[in-house]
2 protein chains.
Amino acid sequence: MKEHIVSSFDEELQKITARISEMGGLAEEELSMALEAVRLRDGALARKVIESDDRLDMMDARLEHDAIQMLALRQPVASDLREIVAALKVSSTLERIGDLAKNIAKRTQVLNEGQPLRVTGSILRMGKLTQTLFAEVLDAYTSRNTSMAVSVWKRDVEVDEMYNSIFRELTTYMMEDPRVISLCSQLLFVAKNLERIGDHATFISEMTYYVVEGEQLGDDRPKGDPLAAFIED
Amino acid sequence: MKEHIVSSFDEELQKITARISEMGGLAEEELSMALEAVRLRDGALARKVIESDDRLDMMDARLEHDAIQMLALRQPVASDLREIVAALKVSSTLERIGDLAKNIAKRTQVLNEGQPLRVTGSILRMGKLTQTLFAEVLDAYTSRNTSMAVSVWKRDVEVDEMYNSIFRELTTYMMEDPRVISLCSQLLFVAKNLERIGDHATFISEMTYYVVEGEQLGDDRPKGDPLAAFIED
């Protein structure tokens, strides 16, 4: 017997939403493992992050494919169209967060070749904050909670400020002890990656707001000053 | 009199293609100005880059909007669908290249506060190579020239190798003269930004190949070793 399945637009949308949640969970797990790998100087854990990132890449590619099919075949308008556009963008944002976590894991492998550095503690605190904001914005997106989304959007300034402070801490440390320059350069990039994850989290805030309100959240997100001039890449 | 315009799919596609070319030109110009700002220590030119990047952001947003409308209303299939998907992705890639050029320009402003550094010469050579590959891949995309696209895709390894060499040069320089650590950290990010522009150029190669051949270019792009482990973020 041949099966003939016709699913409704809402069913398809629910599936996409469920996949975004799954991807969010994977990205969170990658970030958490990457930071643990830094903390424990655990090369095996770092390799696990690097390997598991493939799955997120594939899920993003599949979601993109399906979302574009939905756009082409269902011709959604208004809030349905916004849902799909947001899903497409959040998916690729999660894929990029996974890439950044993977990059942190890769740098761990070089960090393990040298002595433990005291600034690692600051990096891990910054990591903790980034994880918190990322978890909150995933909740906000899933539950369509705009006030929670706006709160994350505003609080990203704290990540920026921690980044600026770590930048200064690292350069000071390098000046005091030139032997740690090469390792500290790796930590500089780890901090930068976390700061970018924070930026991506604010983008998910913006997408949450866009889905619910049908308009942009605005351009005036608070940013850490004055080194913050460098955060937007 | 009310005007009623019904344009064909091909006409709409041509307009989108023309806009991608214009965006490519803008991104090239931004990169060129940003590198000139580094070379000449020209803060006014750097500000010009920062201001002009808004235009690229707006063009990307508009193109995305129009491409999604086309997907929803025209229901394209096969090569028409690939054309639109590629345009969407190339547009957002160009927007990101503009962001990276803007970030280079922003760092110029900090670099100008300190003494000129000798490693700037290496950065500018890396910038030149990045510009060349970016210009070639834009040509390849516009003319649907897959062999040119594949050539850029392969040659990005040269950018990666220059990045690795600059990374070593910068850390050595910082060890020799701790007073330049803060400035060299800025140059480290400038080099990293150029390396990421090279990666984005290879993505445009992949999109060119995808539009023409209908399949992916593959996963085995040559990469500079062993620091290349850090290039993929």
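Any read-out appearing in this document is the output of simple, stated calculations on the displayed coordinates, not a laboratory observation. Just so we're clear, the structure is a prediction, and the values are computed from it rather than from any experiment. For neighbour counting, all protein chains shown are included, and Cβ atoms are generated from backbone atoms with ideal geometry for every residue, glycine included.
What fraction, in whole percent, of alpha-carbon pairs in segment A:40-94 exceed 15 Å separation? I get 57 percent for the Cα pairs in segment A:40-94 exceeding 15 Å. The same position A:Gly121 in the other copies lies at 4.3 nm from this copy, comparing label points 7 Å beyond Cα toward the beta-carbon, shortest first.
Restricting everything to alpha-carbon atoms, can you work out Rg to Rh for chain A with a Kirkwood hydrodynamic radius? Intermediate results must be reported in sequence, preceding the final value.
Numbers: Rg = 19.5 Å, Rh = 18.7 Å.
Rg/Rh: 1.04.
Nearest 0.05, what FRET efficiency do B:Arg41 and A:Arg221 give at R0 = 30 Å with Cβ-Cβ as r?
Values: r = 30 Å, r/R0 = 1.01.
The value I calculate is 0.50.
Across the options B:Gly127, B:Val85, A:Ile181, the greatest Cα extent toward the positive end of the charge dipole of the protein assembly as shown (unit charges at beta carbon of Lys, Arg, Asp, Glu) belongs to A:Ile181. Of the listed pairs A:Lys128/B:Lys154; A:Lys102/A:Lys154; A:Lys128/A:Lys154, which have alpha-carbon separations greater than 29 Å here? Result: A:Lys128/B:Lys154 exceed 29 Å. Taking other C-beta atoms within 10 Å as the exposure proxy, A:Glu64, B:Glu11 rank B:Glu11, A:Glu64 from fewest upward.
Projected label points at B:Ser143 and B:Gln69, each 7 Å from Cα along the beta carbon direction, are separated by 3.3 nanometres.
The angle between the Cα long axis of helix A:120-142 and the longest principal axis of the Cα atoms of chain A comes to about 10 degrees, rounded to the nearest 10. Only helical runs count toward this figure. For chain B, summing -39,500 (n - 2.57) over DSSP H runs of n ≥ 4 and dividing by all residues gives -28500 deg cm²/dmol at 222 nm.
Distance between the modelled labels on A:Leu124 and B:Asn112, one decimal in nanometres: 4.2 nm (7 Å Cα→Cβ projection). Remark: chain B carries a charge dipole of roughly 660 debye about the Cα centre, counting +1 on each Lys and Arg Cβ and -1 on each Asp and Glu Cβ. Placing a pseudo-label 7 Å from each Cα along the Cα-to-Cβ vector at A:Met58 and B:Lys154 gives an inter-label distance of 3.0 nm.
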